[in-house]
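What follows draws every value from the coordinates through simple rules; no lab data is involved. Predicted model only: the values in this text are computed from it and were never measured. Note that each Cβ is placed from the backbone with ideal geometry, even for glycine, and that neighbours are counted across all protein chains shown.
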Amino acid sequence: MSTTKTIASLEEMRVWIDQLLQDWGEKHLIVLSGKMGAGKTQLVQLITESLGAKHVMSPTFSIHNSYDSDRVSIDHVDLYRLDGDGDLESTGFWEMFDQDQGWVFVEWGDRLDKSIYPRDWPTTFIHLEKIEGNESARQITIS
């Protein structure tokens, strides 16, 4: 089942994030999709900063960043520049799921078939869309 929510401001986004995080356990896969500039990286930044992580940056060029937080370890992957399964293997993508705990955020995760993700990891799919006329507003679909 999916739900869609409209968020009008950064402050509303922070409140929504606090509610969302209450449902996530020690390990969780978060697959993010949306057009360029929709707010995927910003969402990861807001979540990780709310957990005490510092200096969160987009992994577009590094492909994979790791962060320590007060609650869990965080892996942040960006699949935008990957050309195929060989590139995915070289990132250490699958090794992230050997952990007993941690949160893995995958930007441009819709480039992979949903069936490829590990079944033993609780998974949330989040799609973000900009709302015309309000730079801060987003429509978010979560499933």
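Sorted from fewest to most neighbouring beta carbons within 10 Å, what does the list His64, His28 look like?
Arranged by neighbour count, lowest to highest, His64, His28 become His64, His28.
On a 0 to 90 degree scale, rounded to 10, what angle separates helix 40-50 from the longest Cα axis of the chain?
90
Calculate the spin-label point distance for Met36 paired with Trp94, positioning each point 7 Å from the Cα along the beta-carbon direction, and give it in nanometres.
3.1
When the helix-only estimate is applied to the chain (DSSP H runs of n ≥ 4, each -39,500 (n - 2.57), divided by the residue count), what is the mean residue ellipticity at 222 nm, nearest 500 deg cm²/dmol?
The per-residue figure over the chain is -6000 deg cm²/dmol.
Just want the ordering: Leu10, Leu88, from fewest to most Cβ atoms lying within 10 Å of their own Cβ.
In order of increasing Cβ crowding within 10 Å: Leu10, Leu88.
Can you sort Thr124, Thr6 so the residue with the fewest Cβ neighbours within 10 Å comes first?
Thr6, Thr124
How many Lys pairs in the range 3-142 lie less than 23 angstrom apart by Cα atoms, where the lysines are 8 or more positions apart or on different chains?
12
7 Å from Cα along Cα→Cβ at both Asp70 and Arg119: what's the point-to-point distance in nm?
Each label point lies 7 Å from its Cα, and together they span 3.8 nm.
Under a GNM of the chain (C-alpha, springs under 10 Å), which listed residue has the highest mean-square fluctuation: Gly109, Gly37, Gly133?
Maximum fluctuation in the GNM of the chain, among the listed residues, is at Gly133.
In nm, what is the difference between 0.36 nm times the number of residues separating Ser143 and Arg14 and their Cα-Cα distance?
Using 0.36 nm per residue and subtracting the Cα-Cα distance, I get 44.5 nm.
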